[in-house]
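Readers should treat all values here as calculations from the given coordinates under stated rules, not as data from a laboratory. Since we're looking at a predicted model, the values are computed, not measured.
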Amino acid sequence: MSGEFQQPSSSHWIPLSDLMTALMMVFMLLAVLYMMRVEQTTTLVVREYEVTRKDLMLALQKEFAKDLKQWDATFLGDMTLRFNNPEIMFSTGSDQLSPKFKDVIRDFFPRYLRILDSEKFRNAVTEIRIEGHTSAFWGSVGPDEAYLRNMELSQARTRSVLGFILALPEAQANKPWIKRRLTANGLSSSRPILHANTVDQAASQRVEFRIVTNAEERLSAMAESVLRK
């Protein structure tokens, strides 16, 4: 043998190792930039929602501040308008609006619609939920049967409110917009009002108008986009 056996040199692996490290750093940088973009977009959506909610709440409170007491109604922090007094809305066990509640709706809804369908808010509002709530009682039947009967009653009541609104003269010009957004939702006794951890059966009987904005849809779409990627 004219020379010693030479071990294979590993020097040619060094550039490949450097390349893999560089690629890993590039992928990490891209991931960080993407997450930053997602976070910035999420923050922007949340901020827009908060501004819209604040402005809409102020507009509603300003419009109806003088009426809430006589209607026995309350605005909640999530822009829900709650009609509290079951005695002025429906007779016990009935889904027919009382004359007084019809007068309230005639006064309330056209003004409510004028705000929600204004240029400032119409694109942010995706749903206006009419929600009917009852107590847990129904004569001498068991709790499950009472729940089912109250579910049927609450659904019938919200449909009556919806039908009355659709027949209002002020609703005719905006009926396509209303039909795309206004829904009737009977919830029986599933969401009772509690006072001192005790169910207030009288207060639980109520009708609410709840606004849903497009912030939830936009955040959901963003989440789906992240999962797909």
Where both partners of a DSSP beta bridge lie in segment 55-220, what percent of those bridges are antiparallel, to the nearest 5?
-> 75 percent
In Å and from the alpha-carbon atoms only, list the Rg and Dmax of segment 55-220.
-> 16.1, 51
